[in-house]
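The values are calculated or read from the model by the stated rules, or taken from the named source; none is laboratory data. The structure presented is a predicted model; accordingly, all values stated were derived computationally and were not measured. With ideal geometry, Cβ positions are generated from the backbone for all residues, glycine too; neighbour counts draw on all protein chains shown.
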Amino acid sequence: MKGMMHLKPLIDDDSRTFWEGAKNHKLMIQWCNDCKKYIFYPRIICPHCFSEHVSWVEASGQGRIYSYTVVHRAMPPFNEQTPFVVAIVELNEGVRMISRIIGDREKISIDKPVSVVYEKIDDELTLPYFQLS
Amino acid sequence: MKSDRIAAIVGVAESDLGVVPGSNVLRLQAQAAKRALDDAGFTKDDVEALFTAGNWARFPGLMLAEYLGIKPKYLDATDIGGSSYESHVIHAMAAIQAGLFDVALITYGSTSRTSPTRIPSSLTLRYEDPFGIPSPIGHYALAAMKHMHQYGTTSEQLAEVAVATRKWAMLNEKAYKRDPLNIDDVLNSPMVAEPLHVLDCCLVSDGGGAVVVASAKAAARAKKRPVWVLGHGEMTSHNNSVCSMPDLTVTPARESGRRAMEMAGITHKEIDVTEVYDSFTITVILTLEALGFCKPGEGGAFVSGQRTAPGGDFPLNTSGGGLSYCHPGLFGIFLLIEAVRQLRGECGERQVKDAKIALVNGTGGTLSTTATVILGRD
């Protein structure tokens with residue numbers, strides 16, 4: 001039932017390592033070997049310096065809430081899950097990603113530290129969620 | 001004002017607006033095009049360049065040109081969301097300046113009310129969509145929450161925008177929502193994505209619009225007096241992924257607005273009427289700050305006390321905006337239409353007295369891209 005409640009992301013050479021990593025409980029992001037900056041979302045070329053020397057690294061899984069919203073109305077399949085918290089998490093590595101924050105909604109606020117947790121949707125998809133550290 | 005007189009808007013019109021069952025995007029654009037050309041005193045044979053935006057066809061520009069019976073020598077179907085139409089005016093002016101044509105027809109049409117389409121996930125949003133963020137409102141909600149946290153902006157201040165905009169709509173007989181609205185109505189309306197309520201959000205309607213841009217030479221034979229493009233600027237920050245936006249409280253209008261005002265050679269005090277994209281109440285506050293009408297963080301205080309309502313000292317979104325007049329998707333074209341009418345003195349009850357200079361700012365995507373146009377009459 002859970003599987004039907006999520007959109008399946010397209011897997012290709014840009015995204016495969018990220019989603020495979022999540023399945024194995026690793027938060028995978030990219031690192032530019034030339035300008036030494038982290039990159040998310042994944043791509044073939046560094047958006048900071050245009051270097052092609054980008055490699056995958058496992059992120060710390062630690063970050064803070066840059067901003068968040070509590071979603072009360074959503075399109076299917078997410079309408080059955082409201083209310084839920086979607087946030088921009090800024091990882092300690094400096095990159096930001098969209099995710100869910102799980103746990104007590106009343107305690108959530110901007111700048112609070114969070115840690116990654118893994119939500120297995122089905123055999124094909126595991127999502128990296130976050131909870132307050 | 002120091003700007004040269006290079007290009008002017010000489011014709012504007014809407015198609016039928018609101019709920020238009022049985023119509024389609026081509027009918028609405030044709031209707032608006034005919035009316036705008038009539039407004040200019042031009043015919044279809046005067047049109048050398050055609051501009052449109054939308055994802056309703058594989059080749060929207062080609063389909064529209066064929067339907068209208070126009071064979072353009074210049075075609076531009078740039079689609080950057082809500083700022084597309086300010087961008088079209090800018091591109092038309094650049095091409096006029098380059099001597100490529102004298103008359104451009106710019107049109108928009110949408111049946112987003114009667115035939116909504118869901119946008120499929122994309123190559124870059126696939127890292128966001130599985131988490132269920134509703135777009136675009138979720139992204140704007142993230143920006144609103146950040147602004148509140150950083151500056152203490154309140155839901156009441158956001159509601160001020162919706163209430164003031166409704167008061168303008170009550171003076172516009174074409175507006176879809178014309179019943180009175182107060183701050184409590186906004187705060188008590190259902191929450192969609194915190195902190196944004198239903199009444200912090202723009203309408204979803206059908207409709208279209210058209211704008212005719214002419215060179216100075218062609219403008220001289222138009223029926224109405226020209227509204228000159230005095231300055232312009234465009235800026236893009238990111239696509240739909242707000243994770244790529246450096247600061248969620250600062251829109252690219254900081255850059256596009258600065259350049260537009262520099263080109264026009266004007267200061268904020270010289271602007272008589274302001275039309276900015278109001279996809280959500282927060283969009284207005286962020287845009288006013290980015291354009292420099294107030295300092296970062298002061299947007300909430302700036303709009304308080306119904307300062308932007310009819311009779312206030314900062315006339316803003318005088319048509320009733322996307323919040324109350326109409327919002328068939330890319331509202332940018334309606335900002336231009338209203339600004340031109342204000343500068344021509346055609347707005348009746350909602351006319352801003354002696355309006356000579358207008359600032360128009362479109363915002364596209366999720367605070368992703370802006371285009372600012374300064375318009376003025378002689």
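Being in contact with a helix residue (DSSP H, G or I) (Cβ under 9 Å, 6 or more places away or on another chain), in the same structural domain as residue B:100 (by TED's automatic domain parsing), modelled with pLDDT of 95 or more and not in a helix (DSSP H, G or I) is true for just one of B:20, B:12. Which residue is that? If you could, list the steps in order and put the result at the bottom.
Numbers: B:20 fails: modelled with pLDDT of 95 or more.
The conditions single out B:12.
Being outside any loop (DSSP other than H, G, I, E, B) and under 17 Å from residue A:71 (Cα atoms) is the filter here, so list the residues in the range A:98-130 that pass it. Full working, then the answer.
Step one: of the range A:98-130, the residues outside any loop (DSSP other than H, G, I, E, B) are A:98-102, A:105-107, A:113-120, A:126-130.
A:98, A:99, A:100, A:101, A:102, A:105, A:106, A:107, A:129, A:130, listed by residue number.
Name every residue in the range B:166-186 that is in contact with an Asp or Glu (Cβ under 7 Å, 6 or more places away or on another chain) and either farther than 16 Å from residue B:321 by Cβ or within 14 Å of chain A (Cβ to nearest Cβ) (or both), in order of residue number.
Answer for the range B:166-186, where residues must be in contact with an Asp or Glu (Cβ under 7 Å, 6 or more places away or on another chain) and either farther than 16 Å from residue B:321 by Cβ or within 14 Å of chain A (Cβ to nearest Cβ) (or both): just B:183.
Give me the residue from the range A:85-111 that is surrounded by fewer than 16 Cβ atoms within 10 Å (Cβ to Cβ) and more than 9 Å from every other protein chain (Cβ to nearest Cβ) and, out of that set, nearest to residue B:127 (Cα to Cα). Walk me through it before giving the result.
Filtering the range A:85-111 down to residues surrounded by fewer than 16 Cβ atoms within 10 Å (Cβ to Cβ) leaves A:92, A:94, A:103-107, A:109, A:111.
Among the residues that remain, those that are also more than 9 Å from every other protein chain (Cβ to nearest Cβ) are: A:92, A:94, A:103-107.
Working: A:92: 19, A:94: 17, A:103: 22, A:104: 24, A:105: 23, A:106: 26, A:107: 26 Å.
Looking at residues that are surrounded by fewer than 16 Cβ atoms within 10 Å (Cβ to Cβ) and more than 9 Å from every other protein chain (Cβ to nearest Cβ), I get A:94.
Quick check on the range A:26-39: of everything there that is assigned to a loop (DSSP other than H, G, I, E, B) and away from chain B (no Cβ under 14 Å), which residue is surrounded by the most Cβ atoms within 10 Å (Cβ to Cβ)? Give the derivation first.
Step one: filter the range A:26-39 for residues assigned to a loop (DSSP other than H, G, I, E, B), giving A:26-27, A:33-37.
In the following step, the residues that additionally are away from chain B (no Cβ under 14 Å) were identified as A:26, A:33-36.
On the way: A:26: 18, A:33: 11, A:34: 13, A:35: 14, A:36: 9.
Result: A:26.
Which of the residues that make up the range A:40-96 are closer than 16 Å to residue A:128 by Cβ, part of a strand (DSSP E or B) and not β-branched (Val, Ile, Thr)?
At the first step, the residues of the range A:40-96 found to be closer than 16 Å to residue A:128 by Cβ are A:40-42, A:56-66, A:68, A:84-93, A:95-96.
Then keep just the ones that are part of a strand (DSSP E or B); that gives A:56-58, A:62-66, A:68, A:84-91, A:96.
The answer is A:56, A:58, A:62, A:63, A:64, A:66, A:68, A:84, A:87, A:90, A:91, A:96.
So which residues in the range B:276-307 are in contact (Cβ under 8 Å) with a residue 12 or more places away in the chain, part of a loop (DSSP other than H, G, I, E, B) and of a type in the set (A, V, I, L, M, F, W, C)?
Of everything in the range B:276-307, those that are in contact (Cβ under 8 Å) with a residue 12 or more places away in the chain, part of a loop (DSSP other than H, G, I, E, B) and of a type in the set (A, V, I, L, M, F, W, C) turn out to be B:291, B:293.
Restricting attention to the range B:238-275, which residues are out of contact with any strand residue (DSSP E or B) (no Cβ under 7 Å at 6 or more places or on another chain), assigned to a loop (DSSP other than H, G, I, E, B) and away from chain A (no Cβ under 14 Å)?
B:265, B:267 - these are the residues of the range B:238-275 that are out of contact with any strand residue (DSSP E or B) (no Cβ under 7 Å at 6 or more places or on another chain), assigned to a loop (DSSP other than H, G, I, E, B) and away from chain A (no Cβ under 14 Å).
Could you please find all residues in the range A:62-84 being surrounded by 20 or more Cβ atoms within 10 Å (Cβ to Cβ) and more than 10 Å from chain B (Cβ to nearest Cβ)?
Residue satisfying the conditions is A:63 alone.
Taking the range B:144-165, which residues are assigned to a helix (DSSP H, G or I) and within 14 Å of chain A (Cβ to nearest Cβ)?
From the range B:144-165, those assigned to a helix (DSSP H, G or I) are B:144-151, B:155-165; that's our starting set.
Selection gives B:144, B:145, B:146, B:147, B:148, B:149, B:150, B:151, B:155, B:158.
Which one is surrounded by the fewest Cβ atoms within 10 Å (Cβ to Cβ) among residues in the range B:329-376 that are within 19 Å of residue B:172 (Cβ to Cβ) and charged (D, E, K, R)?
Going through the qualifying residues, I end up with B:353.
Which residues, counting only those in the range A:27-79, are in contact with a helix residue (DSSP H, G or I) (Cβ under 6 Å, 6 or more places away or on another chain) and among the polar types (S, T, N, Q)?
A:67, A:69
Name, by its number, the condition in (1) surrounded by fewer than 13 Cβ atoms within 10 Å (Cβ to Cβ); (2) in a loop (DSSP other than H, G, I, E, B); (3) acidic (Asp, Glu) that does not hold for residue A:14.
For residue A:14, the exception is condition (1).
Just need a number here: residues in the range B:82-107 that are on the phi < 0 side of the Ramachandran plot, without any contact (Cβ under 8 Å) to a residue 12 or more places away in the chain and in a loop (DSSP other than H, G, I, E, B).
Adding up the residues that qualify gives 1.
Taking the condition assigned to a loop (DSSP other than H, G, I, E, B) and either touching a Leu at 6+ places or on another chain (Cβ under 9 Å) or not assigned by TED's automatic domain parsing to the domain that holds residue B:262 (or both), does residue B:39 pass? Full working, then the answer.
On the way: assigned to a loop (DSSP other than H, G, I, E, B): no; either touching a Leu at 6+ places or on another chain (Cβ under 9 Å) or not assigned by TED's automatic domain parsing to the domain that holds residue B:262 (or both): yes.
Judged against the criteria, residue B:39 is not a match.
Check off (1) under 27 Å from residue B:8 (Cα atoms); (2) surrounded by 24 or more Cβ atoms within 10 Å (Cβ to Cβ) for residue B:303 and give me the number that stays unchecked.
Every condition holds for residue B:303 apart from (1).
Could you please find all residues in the range B:108-140 being without any contact (Cβ under 8 Å) to a residue 60 or more places away in the chain and either within 8 Å of chain A (Cβ to nearest Cβ) or surrounded by 20 or more Cβ atoms within 10 Å (Cβ to Cβ) (or both)?
B:118, B:121, B:123, B:126, B:129, B:130, B:131, B:132, B:133, B:134, B:138
Would you confirm whether or not the range A:112-119 contains a residue that is surrounded by 14 or more Cβ atoms within 10 Å (Cβ to Cβ), within 12 Å of chain B (Cβ to nearest Cβ) and of a type in the set (Val, Ile, Thr)?
No, the range A:112-119 contains no residue that is surrounded by 14 or more Cβ atoms within 10 Å (Cβ to Cβ), within 12 Å of chain B (Cβ to nearest Cβ) and of a type in the set (Val, Ile, Thr).
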